[in-house]
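K.L.:
What follows is a structure written as structure tokens; I'll ask about it next.
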Amino acid sequence: MNGLKPISALPQELRLGRVDYASVMSIIGLVVMTLGIAMLVPAAVDLRVGNPDWQVFVVAGFVTTLMGGLSWLTTRKAAARLEVREAFLLTTLTWIILAAFGCLPFYFASLKLSFADAYFEAMSGMTTTGSTTIVGLDSAPPGILIWRAILQWIGGVGIIVIALAVMPGLRVGGMQLLQTESSDRSEKILPRVSAMAGTILAIYCTLTFGCLIAYWLAGMTPFEALAHALTTLATGGFSTSDSSIGHFQSDAIEWICTVFMFAASLPFLAYMRYLRGGLKALGEDPQIRLFVILAGCAAAVQAMYLIISNTMGHADAIRLSLFNTATILSTTGYAAADYTGWGPFYNAVIFLLMFVGGCAGSSAGGLKILRLGIIIAVLKQHLSRIIRPHGIFPVRFGSRRVHDDVAVGVSGFLFLYLAAFAIVALVLNMTGLDGITALSASVTTLANVGPGLGPTIGPAGTFQSFTDLQKWICSGAMLLGRLELLTVLVLFIPRFWR
Amino acid sequence: MTSLSSIEPAPRGLIDVRPALSVVGVLLALLGTAMLMPAMIDLYFGNADWIVFAGAALITVFVGGMLWITCRGRARSITLRQAFVMTTLAWLALVVFGALPLYWCNLNLSLTDAIFESMSGLTTTGATVINGLDNAPPGILFWRAQQQWLGGLGIIVMAVAVLPLLQIGGMQMFKTEAFETPDKILPRATQISGMLTLVYVGLTMACALAYLVAGMRLFDAVTHAMTTVATGGFSTHDASFGYFDSAAIEMIAVAFMLLGSLPFLLFVRIIQGKPADLFRDTQVRVFLAILAGLTALITIRLLFNGLPFGEALRDAAFNLTSIMTGTGFATDGYHLWGSFAVTIFFIATFLGGCAGSTSCGIKTFRIIIVWEDLKQHLRRIVYPNAIAIKRYNGRPLPDHVSAAVQSFIFLYMALFALLAVALNLTGLDTLTALSGAATAISNVGPGLGDVIGPSTTFAAVPDAAKWLLSAGMLIGRLEIFTILVLFIPAFWR
């Protein structure tokens, strides 16, 4: 390697050639086709209850499948090459384009959403955020409701595949730690995707099905059970009712929901290992350990506060604390009760938890437990070094050695995350939102949580009163946060395109 | 790991705190001597408080002297661990003894208030609990200013001579090659502090002279000069700089607040005949660029409020410089400038000035280092096989410095969040809790909102919150790690 030479001075064979747009378009075409076919599900649902919206879904499905098919057919011959830059472009474009097609039913359906609202809703679905602009979900046609759930479900499985199969190769923000032992460091991305996607999808479907059955047994109608199971496993948070999970007024449903939200925010790699190595493999994962400790402490603090401040009884305090910890840490965003009125301390804890998020390798968003663990490991090393300047302290996360470039990647990510949070909040503030709404909207969209704080976008509110500009900013922030910031940002570096 | 610990140069085991105590003793004796100044001023103005100052001085000098006499005798070298203990102990002791005159004087402050005020002074924060400064006795006013001035000097010496050797939070970037071992801390500190004191005194005198020429009274000029160069922010008037309402005075303050937040070693370099170093320094450039950018934003915001350009620029430049350098002077209730301006001020609270100055916050060099990390990371993402070297000030930036800076920023944000939540629990509203936590750990001074905003004081804050804020100021001032390591069991083994 030519060491210190600047990149432009590298020999030609080390530099990358032109970006291969054809293979990018061909894969996007395939995914769009799948989305179009998925639109037949809400069409069937609407047809069954006799809602005229079924036509919208059929037409949108037809158009989407056609566009995807054309894109795939015209470019498929080229689909041999998919390297780092193509993968970056593919990931970002996929989310933008899928949201664009996914919003067609919202735009044309009887709800009469504006385009900004429809795109916001679709992006919120695809990024599994769960913020909504629709008021009156309880009386909305079932087709739209199931379509929102399906969008989240697809977005959820999509991000897991990306996180496990693509991001480690891209080395975005320390994600290379997620590299499985079996997969080598090669830049062949497609084979790894096809090898892993099957297993991931199987686990995802099994969990969804289990959740569906549990909800149904606990008293939901089959339709509600399906819609909520889809959004629970995707850690999405779209509900079929304005009052979210609180609509059911059932402790059993809240407990089931808590369990599956936690399950969905564990790394899916651990499930794969569980299938091979049993429960022991699950407990050995350092990410899971840290997650359990953090969630336990957070829930305990909340429960203690609720009990001491006499907000509610013991049983309610414990259940709701666990539920809220799960819904915020897993970045789902369901609400069982409106915590806006539970005092500033409670809201401050919720606000802080929003930043953290679930484990990397799941559909949860936020900073992620993996990065938190690495930051703590680096901090420990720094402290050891301060006390013993001549000692050698390798940074370890679990049993794995954290290399310096991982630590630097995480550092860069943390900086970007905080900077993005501040900038988005500032811009939202400039467009006229009050302080708490702007701050919490910024973090809730970047971390893909869903509800914010305050009267407007709190757990009982919606984003409907936002202006179009604010909705577009929030849509952008959701995309940025979902794709780990760097994946999108790298496209804006001129050198990327050379 | 056990085999590795055997290369450790310093013997482990119980720490011998005597060398640390002897240094603390010397510093206390100096502080006690300094109390004679306000005593003389009160005597001159015929205020009965002079007895308080004289008495406090006597006690402080006595305790300091006893400490020094009983603990001296050992060699003039201390180990790394003793340096940590010394730094924290020194600040604590100085704060406690500095609070004596405030506690005993005729202002009738409670012990909590006196400690808060003293801590706010020595850490150059500038948050005050005293209402009615305009009628306060001159001795007290001078003592507050003097405390900030001494605190500022202490910070510079600490940041230049001690912290780089403690290798905390990335400060090792400022290690000069000649002094690399901890046992050189004391000689090095003595040697460097001579030069730095000279620069510091020179700047303060220049500032006082400028204030005097611009129309301040002698007393005001001297006290404000001391708190300006220390980027402290105590004033002799409740209305702070708004009392003078003079563009000239504000511009002088801006200039000297800026000088106070530049790295003082570069001033020494100027004396040594290398003035170009000041402008070649990355940290100085970035700091000035950030400040100019934010000032422009606020100015534009104020133009929308209908202010004429000159006045908008003046208000924006003064208040933003005051906040970003961690000074905390105010000319106007900037919390009323709209939420956009408030957000900018809130962000500026965290940024701070350059390392090696009297200012506080995260500090510009750390922001540069994380930015370099980010750039390198992005480069590596696009070209996985290329080797990219990050640089700071032309020198390669080792990964362990990045790790240290990353840890610092993470801890800083975590501490801010914890402190805000704890303040919230004591009953403060959200805005007060958030801005109080930020202003304390960044040593700025005023917060936001009605309770602790720029036009009010911290008097109305509950006692528990005052203790929390005092602790926050100390932890922020000592760059978090200096105190944090003391709580790690491994440190004491």
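The values are calculated or read from the model by the stated rules, or taken from the named source; none is laboratory data. Computed from a predicted model, the values in this text were never measured in an experiment. Cβ coordinates were reconstructed from backbone atoms using ideal geometry, including for glycine residues, and neighbour counts include every protein chain displayed. Surface areas here come from the heavy atoms of the whole protein model, side chains and all, with no ligands, DNA or RNA. Shrake-Rupley method; radii C 1.70, N 1.55, O 1.52, S 1.80 Å.
Residue by residue, here is whether (1) under 27 Å from B:Glu250 (Cβ atoms); (2) modelled with pLDDT of 90 or more; (3) among the small types (Gly, Ala, Ser); (4) open to solvent by less than 10 Å² (accessible area, probe 1.4 Å) holds:
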position: B:Gly151; (1), (2), (3), (4): yes, yes, yes, yes
position: B:Pro164; (1), (2), (3), (4): no, no, no, yes
position: B:Phe179; (1), (2), (3), (4): no, no, no, no
position: B:Leu212; (1), (2), (3), (4): yes, yes, no, no
position: B:Asp220; (1), (2), (3), (4): yes, yes, no, yes
position: B:Met226; (1), (2), (3), (4): yes, yes, no, no
position: B:Val229; (1), (2), (3), (4): yes, yes, no, yes
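K.L.:
I've got another one for you. Is it true that B:Thr331 is open to solvent by 10 Å² or more (accessible area, probe 1.4 Å), in a helix (DSSP H, G or I) and away from every other protein chain (no Cβ under 14 Å)?
P.N.:
When the stated conditions are applied, B:Thr331 does not pass them.
K.L.:
Within the range A:315-332, which residues are in contact with a helix residue (DSSP H, G or I) (Cβ under 6 Å, 6 or more places away or on another chain) and not in a helix (DSSP H, G or I)?
P.N.:
A:Ser330, A:Thr332
K.L.:
Take A:Leu480 and tell me if it is within 11 Å of another protein chain (Cβ to nearest Cβ) and surrounded by 22 or more Cβ atoms within 10 Å (Cβ to Cβ).
P.N.:
When the stated conditions are applied, A:Leu480 does not pass them.
K.L.:
Return yes when B:Ile381 is touching a residue at least 24 places away in the same chain (Cβ under 8 Å), within 11 Å of another protein chain (Cβ to nearest Cβ) and open to solvent by less than 20 Å² (accessible area, probe 1.4 Å) and no when it is not.
P.N.:
No.
K.L.:
Residue by residue through the range B:294-326, note down the ones that are crowded, with 19+ Cβ neighbours inside 10 Å and acidic (Asp, Glu).
P.N.:
B:Asp315
K.L.:
Test A:Ala422 against the criterion of being free of Cβ contacts under 8 Å to residues at least 60 places away in the same chain and more than 14 Å from chain B (Cβ to nearest Cβ), and give yes or no.
P.N.:
Answer is no for this residue.
K.L.:
Quick check: anything in the range A:93-112 assigned to a helix (DSSP H, G or I), open to solvent by 40 Å² or more (accessible area, probe 1.4 Å) and touching a Ser or Thr at 6+ places or on another chain (Cβ under 6 Å)?
P.N.:
No, the conditions are met nowhere in the range A:93-112.
K.L.:
Quick one: which residue in A:Val356, A:Val378 is within 14 Å of chain B (Cβ to nearest Cβ), within 22 Å of the chain's Cα centre (by Cα) and not basic (Lys, Arg)?
P.N.:
Only one candidate passes the filter, namely A:Val356.
K.L.:
Going by the structure shown, is A:Ala303 out of contact with any helix residue (DSSP H, G or I) (no Cβ under 6 Å at 6 or more places or on another chain) and in a helix (DSSP H, G or I)?
P.N.:
no
For every residue, the table says whether it meets (1) open to solvent by 20 Å² or more (accessible area, probe 1.4 Å); (2) at the interface with another protein chain (Cβ under 10 Å from one of its Cβ atoms); (3) under 30 Å from A:Gly373 (Cβ atoms); (4) among the hydrophobic types (A, V, I, L, M, F, W, C).
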site: A:Gly409; (1), (2), (3), (4): no, yes, yes, no
site: A:Leu418; (1), (2), (3), (4): yes, yes, yes, yes
site: A:Gly435; (1), (2), (3), (4): yes, yes, no, no
site: A:Ala447; (1), (2), (3), (4): no, no, yes, yes
site: A:Gly450; (1), (2), (3), (4): no, no, yes, no
site: A:Ser465; (1), (2), (3), (4): yes, no, no, no
site: A:Cys474; (1), (2), (3), (4): no, no, yes, yes
site: A:Glu484; (1), (2), (3), (4): no, no, yes, no
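K.L.:
Just a yes or no: is a residue in the range A:158-181 under 28 Å from A:Gln55 (Cβ atoms), modelled with pLDDT of 80 or more, part of a helix (DSSP H, G or I) and under 16 Å from the mean Cα position of the chain (by Cα)?
P.N.:
Yes, the conditions are met somewhere in the range A:158-181.
K.L.:
Any residue that is touching a His at 6+ places or on another chain (Cβ under 9 Å) and not in a helix (DSSP H, G or I) - is there at least one of those in the range A:346-367?
P.N.:
Checked the range A:346-367: no residue is touching a His at 6+ places or on another chain (Cβ under 9 Å) and not in a helix (DSSP H, G or I).
K.L.:
To continue, here is another question. Give the range A:241-288 a look and list any residue that's among the charged types (D, E, K, R) and without any contact (Cβ under 8 Å) to a residue 60 or more places away in the chain, or say none.
P.N.:
Scanning the range A:241-288 gives A:Arg273, A:Arg276, A:Lys280.
K.L.:
Starting from the range B:241-268, take each residue that is among the charged types (D, E, K, R) and list its partners that are surrounded by fewer than 21 Cβ atoms within 10 Å (Cβ to Cβ) and in a helix (DSSP H, G or I), counting only C-beta distances under 7 angstrom and pairs at least six apart or across chains.
P.N.:
If the second residue must be surrounded by fewer than 21 Cβ atoms within 10 Å (Cβ to Cβ) and in a helix (DSSP H, G or I), the pairs left are B:Glu250/B:Arg314.
K.L.:
Sticking with this one: Any chance you could count how many residues in the range A:320-347 are closer than 21 Å to A:Leu290 by Cα and over 17 Å from the mean Cα position of the chain (by Cα)?
P.N.:
So the count comes out to 4.
K.L.:
Identify the single condition in (1) at pLDDT 85 or above; (2) open to solvent by less than 60 Å² (accessible area, probe 1.4 Å); (3) in a helix (DSSP H, G or I) that A:Asn51 does not satisfy, given that it satisfies every other one.
P.N.:
Of the numbered conditions (1) at pLDDT 85 or above; (2) open to solvent by less than 60 Å² (accessible area, probe 1.4 Å); (3) in a helix (DSSP H, G or I), the odd one out for A:Asn51 is (3).
K.L.:
Could you tell me whether A:Arg385 is in a helix (DSSP H, G or I), open to solvent by 40 Å² or more (accessible area, probe 1.4 Å) and within 12 Å of chain B (Cβ to nearest Cβ)?
P.N.:
Judged against the criteria, A:Arg385 is a match.
K.L.:
Does the range B:334-349 contain any residue that is at pLDDT 80 or above, at the interface with chain A (Cβ under 7 Å from one of its Cβ atoms) and either in contact with a Pro (Cβ under 6 Å, 6 or more places away or on another chain) or open to solvent by 40 Å² or more (accessible area, probe 1.4 Å) (or both)?
P.N.:
yes
K.L.:
Could you check the range A:388-398 and list, in sequence order, the residues that are more than 9 Å from chain B (Cβ to nearest Cβ) and out of contact with any Pro (no Cβ under 8 Å at 6 or more places or on another chain)?
P.N.:
Within the range A:388-398, A:Pro394, A:Arg396 meet the criteria.
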